[in-house]
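*Asks:* Quick one: this structure, given as structure tokens, is what I'll be asking you about.
The values are calculated or read from the model by the stated rules, or taken from the named source; none is laboratory data. Just so you know, these numbers come straight off a predicted model, no measurement behind them. No Cβ is skipped: glycine too gets one built from the backbone with ideal geometry, and neighbour counts run over all protein chains shown. Calculation scope for accessible area: heavy atoms of the full protein, side chains included, ligands and nucleic acids excluded. Shrake-Rupley method; radii C 1.70, N 1.55, O 1.52, S 1.80 Å.
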Amino acid sequence: GAQKPEVKPLVAASGFPPPPPPPPPPPPPVVVAPPVQEQSPQQLQQLQQPKQLQPPPPPLQPLQQPQHQLHQQQQQQQQWVLLPSLAPQQLQQHQWSALHHLQPSMEQQVKQHFEQQWQLQQQEQPSNSCQSAAPVAGVSATVAGKVWELSQEATGCREVQRALEEASTEVRRQLASELHGHVWEALRSPHANFVLQKCVATLEPEALQFIIDEMVLGSAEKAAKSKFGCRVFQRLVERCTSEQVTPLVEAVIEDFAAVVRHPYGNYVVQHILEHAAPEHQRGLAQLVECDVQCLAADTFGSAVVSGALTKAPAEIQLSLARALLREQGLLVLIACGRHGHAAATRALQVLSGAELEEAKRVLLAGESTLGASRFGRLVLQHL
């Protein structure tokens, strides 16, 4: 018969046989459930019964402290019995030193005991002695020995001023004595000048003599023209006796022309006319009256004339008002100034009778000049 053709294996174009097919996936694992165990009737009855709560465990017993610790606590409690007899400061120091060594369980009891004893002492002690002496001692203790050093600082000068306010008379003198030899430096300091002013306000006049002596030794007229020194000068005029401030006033009188026209010195002159002794007021008022024509034309000089007509004694006010009226055109001139218009208005209040009518006539004659000035119009409203 005929022969079958031989089947040749397929060959890829590249000449290599094709890759074999992938193997089949493995079969899933067979899970066999565990056999169900049957429960006995007794087990089923136990499961149906409600569970009973377990009682809480007994509390832990505190640890017994050793005998030496108990003995130490007993001694500390005995010491606290003696605390009411201590001073308030000693009591507070003793409290914190004792609290540092006590057990934590005793700390709260000790604090309560201290608060009760402190309240009892505050009630028993007089309010004027207990409340003032203790804080004063604390403030002065932080300032003593460092007054000049602290006075040169913004914060330190406030501490010194507070100490001077709260301290006793003797402590104030001790604090002020640390400024000996530093008065002129303090006069030029923007901070220390306030300490000097506080010394003047709180100390007795005799305790302030060292400030006056150092001012006169340096230059009292320069102090009067100083930005900060003029403040101390004014406080001294207010507080000290006429004998004490005589060297200061004499220095201002000798340099009157410069001091009265100075931006700061004019305030010193006004203060002398208001607060100084009558003899000093009269001596300075005569100088103002003699130079009133030139002072009325000066910005700061007119302020002195206005201040004298407002604050000086009545006889000095009347004398200056007459001097303004006596000089021709002077009343209208000063009425147009920033500081002088108050002097013209005050002159109308001081003068009376024929002198008052003459002053009104002079001002009405210069109505056009006054109407052109902002300050002159204010004076016209009083006519």
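*Asks:* Go through (1) open to solvent by 80 Å² or more (accessible area, probe 1.4 Å); (2) of a type outside the set (Phe, Trp, Tyr); (3) in a helix (DSSP H, G or I); (4) under 28 Å from residue 266 (Cβ atoms) and name the single condition residue 369 misses.
*Replies:* Only one criterion in (1) open to solvent by 80 Å² or more (accessible area, probe 1.4 Å); (2) of a type outside the set (Phe, Trp, Tyr); (3) in a helix (DSSP H, G or I); (4) under 28 Å from residue 266 (Cβ atoms) is unmet by residue 369, namely (1).
*Asks:* Related question: Go through (1) under 17 Å from residue 238 (Cβ atoms); (2) over 20 Å from the mean Cα position of the chain (by Cα); (3) open to solvent by 10 Å² or more (accessible area, probe 1.4 Å); (4) not polar (S, T, N, Q) and name the single condition residue 201 misses.
*Replies:* (2)
*Asks:* Quick check on my filter: what residues within segment 262-277 are within 13 Å of residue 230 (Cβ to Cβ), open to solvent by 60 Å² or more (accessible area, probe 1.4 Å) and either assigned to a helix (DSSP H, G or I) or among the hydrophobic types (A, V, I, L, M, F, W, C) (or both)?
*Replies:* 267
*Asks:* How about segment 286-317: which of its residues are open to solvent by 50 Å² or more (accessible area, probe 1.4 Å) and of a type in the set (A, V, I, L, M)?
*Replies:* 287, 297, 314
*Asks:* Considering only segment 173-192, state which residues are within 16 Å of residue 265 (Cβ to Cβ) and not in a loop (DSSP other than H, G, I, E, B).
*Replies:* The one that is within 16 Å of residue 265 (Cβ to Cβ) and not in a loop (DSSP other than H, G, I, E, B): 187.
*Asks:* Run down 174, 209 and say which single residue is farther than 25 Å from residue 260 by Cβ, polar (S, T, N, Q), modelled with pLDDT of 95 or more and open to solvent by 50 Å² or more (accessible area, probe 1.4 Å).
*Replies:* Selected residue: 209, the only one of 174, 209 that is farther than 25 Å from residue 260 by Cβ, polar (S, T, N, Q), modelled with pLDDT of 95 or more and open to solvent by 50 Å² or more (accessible area, probe 1.4 Å).
*Asks:* Where residues in segment 326-340 are part of a loop (DSSP other than H, G, I, E, B) and within 42 Å of the chain's Cα centre (by Cα), which of them is modelled with the highest pLDDT?
*Replies:* The extreme case among them is 336.
*Asks:* Sticking with this one: Identify, by number, the condition in (1) modelled with pLDDT under 50; (2) in a helix (DSSP H, G or I) that residue 102 doesn't meet.
*Replies:* So the condition that residue 102 fails would be (2).
*Asks:* Assuming residue 382 fulfils every condition listed in (1) part of a helix (DSSP H, G or I); (2) touching a helix residue (DSSP H, G or I) at 6+ places or on another chain (Cβ under 6 Å) apart from one, which condition is it?
*Replies:* Looking at each condition in turn, residue 382 falls short on (1).
*Asks:* When residues of segment 341-355 are filtered for being assigned to a helix (DSSP H, G or I) and open to solvent by 10 Å² or more (accessible area, probe 1.4 Å), how many remain?
*Replies:* Result for segment 341-355: 10.
*Asks:* Taking the residues in segment 213-251 that are in contact with a Pro (Cβ under 7 Å, 6 or more places away or on another chain) and part of a helix (DSSP H, G or I) as candidates, determine which candidate is surrounded by the most Cβ atoms within 10 Å (Cβ to Cβ).
*Replies:* 220
*Asks:* Do we have residue 280 as within 30 Å of residue 245 (Cα to Cα), surrounded by 15 or more Cβ atoms within 10 Å (Cβ to Cβ) and modelled with pLDDT of 90 or more here?
*Replies:* yes
*Asks:* If you check residue 164 against the conditions, is it at pLDDT 90 or above, open to solvent by less than 90 Å² (accessible area, probe 1.4 Å) and assigned to a helix (DSSP H, G or I)?
*Replies:* The answer is yes for residue 164.
*Asks:* Moving on. Yes or no: residue 259 within 22 Å of residue 229 (Cβ to Cβ) and open to solvent by less than 70 Å² (accessible area, probe 1.4 Å)?
*Replies:* yes
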